[in-house]
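One structure below.
The values are calculated or read from the model by the stated rules, or taken from the named source; none is laboratory data. The shown structure was predicted, so the numbers you read here are calculated from the model rather than taken from an experiment. Note: ideal-geometry Cβ built from the backbone for every residue, glycine included; neighbour counts use all protein chains shown.
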């Protein structure tokens, strides 16, 4: 089974597992009742489990409340502040207004007087000139970031995991140090980065910015994939060498297939490195080259921010990230757990 087929199969399993949740709850309740009748389960056990479940539920509700509030704001008529004072913090909208989502797909006549793209443009024009271009720009950043990252991470992780060479330990220590300061180092180097990019004429290049994102993603993800490869028995490589396989064939047919979860985690992290980044993209790119993250911020106006449209845009921007994490949770957990086993 190929990696793509394996991921699709796991996604199907996750969907089925989610849809069967009510059935599993009913089965657990039935087993608990039977256990109480037979004396295998005490009322104290039930009370302890119920209290723990209730505490977890309260915690989840608190975590999900900001998401609920954004959804509420995107479908409610009026501003979030007005709805808060008139209906309360947990109230559902008294009147639903889906124009904000219509705005995303060009189905209304709303326009900004002093905002993007300006001058009486309708929803369709805004979509074509603003939101769609931001989406395309985000993909122009995220996809090359993944490609450049993998070109550096996979060979680097394999070399550090399987080969001994002069300077290996200092290099590993350097990787560890950079994993701790990677994001902060990017921000601290903004001025120097702008000077270099400006001198090279790359201040409005998605490709150059993707290379920068990839460079920032390399240390942590190389270390993660390297420690994952460390858990593959050396006997597999030795057996392949005895059978006459070349090093290149061993990497493609032995090492990489056995590191599917680790590769999936690296894929997710490197994609999100380009998808979520805001500060550098805002500084280095012009308005027509901004990704979704900067486009969302551009909706904020000092005089009148369209909060309903802002909330709908934010949900549209965040949904792919949420889906990626939902369907890749098993890979993230297994990859990080393996990555933390050895150093």
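Numbers at a glance
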quantity	calculated
Selection status of residue 259, closer than 22 Å to residue 328 by Cβ and in contact with a helix residue (DSSP H, G or I) (Cβ under 9 Å, 6 or more places away or on another chain)	yes
Boolean, residue 92 is assigned to a helix (DSSP H, G or I), at pLDDT below 70 and loosely packed, with under 14 Cβ neighbours inside 10 Å	no
Tabulated pairs, the range 176-200, first within 14 Å of residue 215 (Cβ to Cβ), second part of a loop (DSSP other than H, G, I, E, B) and modelled with pLDDT of 75 or more, C-beta under 6 angstrom, 6+ apart or interchain	197/203
Enumeration of residues in the range 269-290 that are in contact with a helix residue (DSSP H, G or I) (Cβ under 8 Å, 6 or more places away or on another chain), assigned to a loop (DSSP other than H, G, I, E, B) and farther than 23 Å from residue 66 by Cβ	285, 290
Candidate set from the range 291-328 (those that are assigned to a loop (DSSP other than H, G, I, E, B) and in contact with a helix residue (DSSP H, G or I) (Cβ under 6 Å, 6 or more places away or on another chain)); member that is surrounded by the fewest Cβ atoms within 10 Å (Cβ to Cβ)	299
Residues of the range 209-232 that turn out to be farther than 23 Å from residue 172 by Cβ and either in contact with a strand residue (DSSP E or B) (Cβ under 6 Å, 6 or more places away or on another chain) or free of Cβ contacts under 8 Å to residues at least 60 places away in the same chain (or both), as a count	0
Enumeration of residues in the range 233-264 that are closer than 16 Å to residue 156 by Cβ and touching a residue at least 60 places away in the same chain (Cβ under 8 Å)	251, 255, 256, 262, 263
Verdict on residue 75 being touching a residue at least 12 places away in the same chain (Cβ under 8 Å) and over 22 Å from the mean Cα position of the chain (by Cα)	yes
Test: residue in the range 278-286 that is buried (at least 19 other Cβ atoms within 10 Å of the Cβ), within 19 Å of residue 319 (Cα to Cα) and in contact (Cβ under 8 Å) with a residue 40 or more places away in the chain	no
Residue ID - surrounded by the most Cβ atoms within 10 Å (Cβ to Cβ), chosen from residues in the range 200-244 that are in a loop (DSSP other than H, G, I, E, B) and out of contact with any helix residue (DSSP H, G or I) (no Cβ under 7 Å at 6 or more places or on another chain)	205
Residue 124 vs. criteria modelled with pLDDT under 85 and surrounded by 14 or more Cβ atoms within 10 Å (Cβ to Cβ)	yes
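To keep it simple, each residue is scored yes or no on (1) in contact with a strand residue (DSSP E or B) (Cβ under 9 Å, 6 or more places away or on another chain); (2) assigned to a helix (DSSP H, G or I); (3) modelled with pLDDT under 85; (4) exposed (fewer than 11 other Cβ atoms within 10 Å of the Cβ).
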{"position": "50", "(1), (2), (3), (4)": "no, yes, no, no"}
{"position": "58", "(1), (2), (3), (4)": "no, yes, no, yes"}
{"position": "100", "(1), (2), (3), (4)": "no, yes, yes, no"}
{"position": "110", "(1), (2), (3), (4)": "no, no, yes, no"}
{"position": "117", "(1), (2), (3), (4)": "no, no, yes, no"}
